[in-house]
1. Residues in the range 172-200 that are more than 13 Å from the chain's Cα centre (by Cα) and modelled with pLDDT of 90 or more: how many?
2. Find all pairs meeting these conditions: Cβ atoms under 6 angstrom apart; at least six residues apart or on different chains; first residue within the range 126-147 and more than 14 Å from Pro101 (Cβ to Cβ); second residue at pLDDT 90 or above and among the charged types (D, E, K, R).
3. What number of residues in the range 44-101 are in a loop (DSSP other than H, G, I, E, B), among the charged types (D, E, K, R) and closer than 11 Å to Asn208 by Cα?
4. Please work out if Val105 is of a type in the set (Val, Ile, Thr), in contact with a Leu (Cβ under 7 Å, 6 or more places away or on another chain), surrounded by 15 or more Cβ atoms within 10 Å (Cβ to Cβ) and at pLDDT below 95.
5. Out of Ser67, Ser45, Ser23, I need the residue that is among the small types (Gly, Ala, Ser), touching a strand residue (DSSP E or B) at 6+ places or on another chain (Cβ under 8 Å), surrounded by 15 or more Cβ atoms within 10 Å (Cβ to Cβ) and at pLDDT 90 or above. Which one?
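The values are calculated or read from the model by the stated rules, or taken from the named source; none is laboratory data. All values derive from a computational prediction rather than experimental measurement. Heads up, the Cβs are rebuilt from the backbone with ideal geometry, glycines too, and the neighbour counts pull from every protein chain shown.
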Amino acid sequence: MKKMFIVSACIITLGFVSSVKASTEHYWRFEQPAPYDDEGYSAASSLSSNLESIVSDTAVNAPGDTSVYLPSGGSMYSNFNDPTHSAFTFELFFKTSSTSPSILVSDFFIAGPYRATSAATLEINSTGNLFLEREMGRDTLILWESDNVLADGQWHHFALTQTSAEYVAVYVDSNLEYANAGGFFNDRILSPVTLQNQITLGGGYEGNLDEIRVSSEVLAPEQFLNTYSAPTIPEPVSVVLLGLSLVSMVYKRIRNC
């Protein structure tokens, strides 16, 4: 009986480590100078850079102590080899007070019916709202726009999730702002989102970015980086120590019985 409890504790600990590694595809934390290594568990994909700087400024609940600051002409880019996932979570922190129309993320998303896909971008508009836009030839289509002004000089968290059945959800600061069981609908146009094997950060954007993470599954709001009390990718040593503590606690309880 003692051995069974101890083995079970070990299996739970190792299972937790495996699931965390499996779900994280890319994770740029901006905790070191350029070229900003990808700290995910897939193939490394460092971000090349232009004009940016590391600053001691990050959201209160975000892991780490620093973020990256982009001037209006700054940008970062990465091209990587990544399998396509039909289910995913994309999230990032951002902070800006500029209402000059600008792009936070481009190249990473395509959106649209399977026979008419086109690029989609995450942007700030002139009123300070965050929105996701899809190109349609010479025209553009707003897929989603934030309920509130987010260019307010405060840190905010954005998350986009999509299930394998194309159930799309958009969250701002863990609050659900959009959900649809058939992808994005606007003017009767179905627009599921697909992740690409490249990403560009910045395009006229002036402000901070931090903790950009891509997961290969749909995360619940309580698993987002801004609501978790510690990084969702814990150091392996810490997890092992946690597991050993659990084993020790179980063993002591058994001895005292």
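1. So the first thing to find is which residues in the range 172-200 are more than 13 Å from the chain's Cα centre (by Cα), and the list is 175-194, 196-198, 200.
Narrowing further to those that are modelled with pLDDT of 90 or more: 175-179, 200.
Number of matching residues: 6.
2. Taking only residues 6 or more apart or on different chains, the pairs are Asp147/Glu177.
3. Result for the range 44-101: 2.
4. Working: of a type in the set (Val, Ile, Thr): yes; in contact with a Leu (Cβ under 7 Å, 6 or more places away or on another chain): yes; surrounded by 15 or more Cβ atoms within 10 Å (Cβ to Cβ): yes; at pLDDT below 95: yes.
Answer is yes for this residue.
5. On the way: Ser45 fails: at pLDDT 90 or above; Ser23 fails: at pLDDT 90 or above.
Just a single option satisfies the conditions, and that option is Ser67.
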